[in-house]
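Each value in this text was obtained by applying a stated rule to the coordinates, not by laboratory testing. Just so it is clear, the model here is predicted, and its values are computed rather than measured. Ideal geometry is used to build each Cβ from the backbone, glycine not excepted, and the neighbour counts take in all protein chains shown.
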Amino acid sequence: MDAIILQILNGLDKGSAYALIALGLTLIFGTLGVVNFAHGALFMIGAFCAVTLQRLLNLSFETIDPDKTDFLGQPLKVKTPYVESWFGPDVGATIIDWSVPLAILFAIPIMLVIGFVMERGLIKHFYKRPHADQILVTFGLAIVLQEIIKANFGANPIQTPAPELLSGVATLMDGVVYPVWRIVYFCFAALIIGGVFAFLQFTTFGMVVRAGMADRETVGLLGIDIDRRFTIMFGLAAAVAGLAGVMYGPINAPNYHMGMDFLVLSFVVVVVGGMGSLPGAVLAGFVLGILESFASTTWATTTIPGINQIIIYLVAIIILLTRPRGLMGRAGVMED
Amino acid sequence: MFGLDKKDTTLLLVVALLTLLAPFILNPFPTDSGLAQFNAGYPDLMQRFVIFGIFAIGFNILFGLTGYLSFGHAAFLGVGSYSAVWMFKLLSMNIIPAIVLSVVIAGLFALVIGYVSLRRSGIYFSILTLAFAQMSFALAYSVLTPITNGETGLQLTLEDPRILGTSATADGSIPVTNLFGLEMRSATDLVIGPWSFTFSAGYYVCAIVMLVAFYLAIRIFRSPFGMMLRAIKSNQNRLNYTGLNSRPYTLAAFVISGMYAGLAGGLMASMDPLAGAERMQWTASGEVVLMTILGGAGTLIGPVLGAGMIKYFENIFSKINDNVLHGWFAWMPDGIEDLTVAIIHPFIGKGWHLTLGILFMLVVIFLPGGLVEGGQRIMRLFSRKKATKDDKSKAKQPAE
């Protein structure tokens, strides 16, 4: 029983990341009808927002401490981060320690701006072009973004540790020990997903967007500037992907190709959930995450060798062939 | 000639001439000059040009003609490589059986994957092929280690049986791949003044195979079968309404392009008897998509151009470093020189992928027909007068 709970928990944190990325992908697809292969790159940029903030907070100046010497006998140089000298050592250290959660505030405006620029500057021109062209241009954009990050931050993974308070493990019940940060990640993902759904369900803006998803032309005919709202939704989707990346840093150290690694799986998740269905994307994200974690157990890998490597793809193939619209796809969306 | 019309014969002859004279054409700079690093005439790179050319020609038969965007084509290339290496291990070092086997196995593989994937189209087809390719990659890396030798990659050893050949040569080393005794590695150098040209047996074998593959592709493009594939691309619904089942045609195209990929994989293993799982990864599939689009999907010569261009960039651009740049811009005043180098720096050396990405985006945005369309536009610019005369007759749009 404990083992089963542990596997479900293990699946939840990966599932949360899948669900968040797939949610953003589906938002973009459902509103703009664009297949965005650069979404993984947005996830990665989010993670590097956390890296940037961490570096900014650690900017420091050097002072010479005359009382101590280093191992060469020279006067010891002490590095003090600016934050510590401004706010005092205790508060400063805490701020640096909490850099990853703080990066959420830092990442939201950046991701929104990146989203707006991307939509207005590039994606806008691709509404009318075939899906293959959209895939190709966003694929190119993903390569460019990834290489820019690589040029600035190098190819090695960069550690972004969780705050002291939230690292370490928690004992949930006897025998089930689980890292705290993963629980935080899951709660965070649930919060974001809930927030997006509430935004779409309970605000006037969300209502217009949903109407636009159902029938863009009619909403336009009613005198509503639907394009502007869809641009905002693109920014929102970028922000969701970015936040997923920010918080994922402590689980896996960010590197420049993490976006591509997640992108392939997220697309599988979106297709399994049903193109254009938001609940489907979230459901499929969690289901596939949990399935993947169950497939990694020793029992599963000894019964069917290699199942942990291929389970997601296998499930995707079966679902696509038996349920053409995915788990919860709407009728009439990308059916061919 | 060969059942082609005049235009295609010219194209084939031009391509044949270019590939056969490639050792000269790709080595335009004397060996000692500063520009020698732009020479691409060494066997290893030339082989890669033609092998990836074959791969892209095959991909183009599927994507360019039917419009089905496969994101898992590298799987067939990987399977081809593995089968070729197994043939070298078990039968003999002659490349003919190895290449035949790799084409057959890749074809069978494509038949199975295509049969399943082609039940869907559009993005679903892309995702299905991607899923199959990633599955093959993951399996080759882990569970299938007895067949694929996992992370290390499949290599020849001295203990291999090689029924029709020898396990080891007289001096105790692993025998070399050959074509009835003609060793793939053998090469002769021709030195004319400051220039040096290398003629490699392996390259010419690859080049001849590519010319045959190119000829077959022309025949497919011009055949009624090719016409049917184009019809599928332009409007599959209408085709279905006329009561025609398009599946056998798309499946045939998929298998043919899979066999081309297998051929490329087999040749790759013949030139260097190694096979690794990373050849099947989805980034490798993405690369062939880049090549085809960059050159011009749906055109005959486009994919070959694209493949050549990407491989050239990969090998030549990535070699340029800051010192070389400083050498070039030494004539500038110091400050401006450093600035110029600093501006160019991110785009060369390790950053050539960035250049490739930007180039690719520009092509997709402004030149959906790729380099071939760019060439045509330039041609039209020069012969504008003639074009305006013809405009009236061309103005008739097909009914949509």
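Quick notes
- Relative intensity, log₁₀ I(q)/I(0), of the range B:1-58 from a Debye sum that treats every alpha carbon as a point, q = 0.15 Å⁻¹: -0.57
- Most mobile listed residue (A:272, A:78, A:100) in chain A, GNM with C-alpha springs under 10 Å: A:78
- Gaussian network model of chain A, Cα within-10 Å springs - most flexible of A:294, A:202, A:116: A:202
- Computed over chain B with a Gaussian network model linking Cα atoms closer than 10 Å, the most mobile of B:236, B:155, B:281 is B:236.
- Residue among B:21, B:124, B:85 farthest towards the positive dipole end of chain B, charges placed on Cβ: B:124
- Residues whose amide H falls under 5 Å from that of residue A:76, counting only those 5 or more places apart or on a different chain, are A:65, A:68, A:69, A:70, with hydrogens built in the peptide plane.
- Here chain B yields Rg over Rh of 1.00, to two decimals, using C-alpha coordinates and the Kirkwood radius.
- Couplings 3J(HN,Hα) for the range B:138-145, derived from phi with the Karplus relation 6.51 cos²θ - 1.76 cosθ + 1.60 (θ = phi - 60°), are 5, 5, 4, 6, 10, 6, 7, 3 Hz, where x marks Gly and Pro.
- Each 5 Å bin, from zero up to the one with the longest distance, holds this percent of the alpha carbon pairs of the range B:320-386: 4, 15, 16, 13, 12, 12, 13, 10, 4, 1.
- Dipole magnitude for the protein assembly as shown: computed about the Cα centre from +1 point charges on Lys and Arg Cβ and -1 point charges on Asp and Glu Cβ, it is near 3300 debye.
- Whole-Hz couplings from phi, Karplus 6.51/-1.76/1.60, listed for the range B:127-133; x for Gly and Pro: 5, 4, 5, 4, 4, 4, 5
- Long-range HN-HN contacts of residue B:196 with modeled amide H, under 5 Å: B:31
- Net +/- balance of residues flanking residue B:8 in space, Cβ distance below 13 Å, scoring K and R +1, D and E -1: +3
- Amide H contacts under 5 Å for residue B:71: B:129, B:130, restricted to partners 5 or more places along the chain or on a different chain, H placed in the peptide plane at 1.01 Å from N.
- Among the lysines of chain A, pairs at least eight places apart or on separate chains and with Cα atoms under 30 Å apart come to 5.
- Semi-axes of the equivalent ellipsoid for the range A:1-83, Cα gyration tensor, largest first, Å: 46, 23, 8
- Scattering curve values for the protein assembly as shown, log₁₀ I(q)/I(0), Debye with Cα scatterers, q = 0.08, 0.10, 0.11 Å⁻¹: -0.75, -1.14, -1.33
- Residue B:166 sits among other residues whose Cβ lies under 15 Å from its own Cβ, and their net charge, with Lys and Arg +1 and Asp and Glu -1, is -2.
- Estimated vicinal HN-Hα couplings, Hz - the range A:39-47 in sequence order (Karplus 6.51, -1.76, 1.60; Gly, Pro = x): 5, x, 5, 5, 4, 5, 4, x, 4
- Lys pairs under 25 Å by Cα in chain B, provided they are eight or more residues apart or on distinct chains: 20
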